[in-house]
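Following: one structure in structure tokens, then a few remarks.
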Amino acid sequence: MKQVLASLALALMASSSFAYDAQIDTGFSYFDRDDDITDAEGNFNLKGTVYFNPVMAKNGPLNEAAFLGHNSNAYLSYDYDYWDSKTVMDGLGNSAAQEIRGHHIAAGIEYFVEQFYLNGQVGFGQLQNEIKIQSALGNNKHKEDYDVTTYRALVGYMPISNLLLATGIDGYQGDEDNDDNRFALAAKYVAPVGQGQFINLEADAAWGDVDNINLAADYYFDPAFSFGLAYNIEDDGDDNTDFFSVRSKYFLNPNFAVGGAVGFGDDVQGFNLNAALRF
């Protein structure tokens with residue numbers, strides 16, 4: 001009986017239409033580094049999106065409904081990053097510890113005009129670096145703040161159904177002449193591979209003083225459930241780091257989804273939990 005009800009629910013999700021006007025996404029990531037310095041490291045993100053027209057989730061993956069429907073939108077996001085060091089002793093009774101906190105707020109818009117696509121985003125971030133020193137002479141704190149303005153602008157075209165190709169700029173301007181104006185490319189393709197099954201392929205890259213490339217692929221077993229792989233590599237000219245992850249997402253109903261990911265890179269492992277709410 002349970003199998004019959006589950007099959008019926010999936011069939012209804014695949015054949016029925018569900019509309020929503022806004023979405024909230026949130027997630028938390030924790031990183032475990034194989035070094036003798038890091039004590040704790042993580043990231044929290046929150047994003048709210050408002051669509052100019054209702055999104056119709058029909059005959060496709062629920063997670064890709066806005067892209068498949070070419071739904072223009074405006075969004076606001078917030079990211080919080082933290083890194084804490086272990087307390088380091090010098091053998092003479094002196095100790096030091098470091099805390100780094102990063103905040104970033106961004107606002108953007110995605111706009112579809114027939115086969116054309118526009119994306120613009122501007123953001124502001126602040127990095128807070130605090131060093132605490134304990135010694136026989138007393139306790140001291142040294143704190144520095146770094147501000148950065150980020151921006152991104154893409155122009156795209158869809159040569160065939162559900163294939164987006166875009167190009168533009170992705171950059172930032174920070175304190176102490178820490179600027180980078182990068183050339184950016186992005187691509188996304190969603191296609192059916194069977195009855196009720198789809199694939200999603202994504203690529204996003206920027207080249208400048210710091211090069212960054214992101215690749216991802218997801219397989220949708222049905223409209224509600226996906227399993228995917230993602231890869232990121234970053235190169236600053238002196239060193240490069242890469243990170244590989246396995247991810248999954250499941251819609252408990254058309255309006256609420258939960259997801260997770262596990263990954264690993266150069267002497268680091270990562271874990272992520274995320275959720276999406278539509279209304």
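Just a few scattered comments:
- Extreme residue, nearest to Glu176 (Cα to Cα), among residues of the stretch 97-139 that are among the aromatic types (Phe, Trp, Tyr) and in contact with a strand residue (DSSP E or B) (Cβ under 7 Å, 6 or more places away or on another chain): Phe124
- Just so you know, in the stretch 123-150 the residues that are exposed (fewer than 13 other Cβ atoms within 10 Å of the Cβ) and among the acidic types (Asp, Glu) include one that is farthest from Gly91 (Cα to Cα), and it is Asp147.
- Residue ID - most open to solvent (accessible area, probe 1.4 Å), chosen from residues in the stretch 262-279 that are within 24 Å of Ala22 (Cβ to Cβ) and in a strand (DSSP E or B): Leu273
- One residue stands out among those in the stretch 97-122 that are touching a residue at least 40 places away in the same chain (Cβ under 8 Å) and of a type in the set (S, T, N, Q): the one that is least open to solvent (accessible area, probe 1.4 Å), which is Asn119.
- Selected residue (criterion: farthest from Gly102 (Cα to Cα)) from residues of the stretch 151-163 that are part of a strand (DSSP E or B) and open to solvent by less than 30 Å² (accessible area, probe 1.4 Å): Gly156
- If the condition is being assigned to a strand (DSSP E or B), of a type in the set (Ser, Thr, Tyr) and closer than 30 Å to Leu163 by Cα, then the stretch 66-120 contributes Tyr75, Ser77, Tyr78, Tyr111, Tyr117.
- Tally of residues being open to solvent by 30 Å² or more (accessible area, probe 1.4 Å), assigned to a strand (DSSP E or B) and among the acidic types (Asp, Glu) across the stretch 171-203: 2
- Taking the criterion of being within 20 Å of Ala186 (Cα to Cα) and in contact with a helix residue (DSSP H, G or I) (Cβ under 9 Å, 6 or more places away or on another chain), the only residue of the stretch 216-254 that qualifies is Asp218.
- Qualifying residue in the stretch 53-65 (condition: modelled with pLDDT under 95, open to solvent by less than 20 Å² (accessible area, probe 1.4 Å) and either closer than 22 Å to Gly123 by Cβ or not in a strand (DSSP E or B) (or both)): yes
- Within the stretch 242-261, considering residues that are of a type in the set (S, T, N, Q) and free of Cβ contacts under 8 Å to residues at least 60 places away in the same chain, the one surrounded by the fewest Cβ atoms within 10 Å (Cβ to Cβ): Asn253
The values are calculated or read from the model by the stated rules, or taken from the named source; none is laboratory data. None of the values given here were measured: they were computed from a predicted structure. Neighbour counts run over all protein chains shown; Cβ positions are idealised from the backbone, glycine included. Heads up: the accessible areas ignore ligands, DNA and RNA and are worked out on the full protein's heavy atoms, side chains in. Shrake-Rupley method; radii C 1.70, N 1.55, O 1.52, S 1.80 Å.
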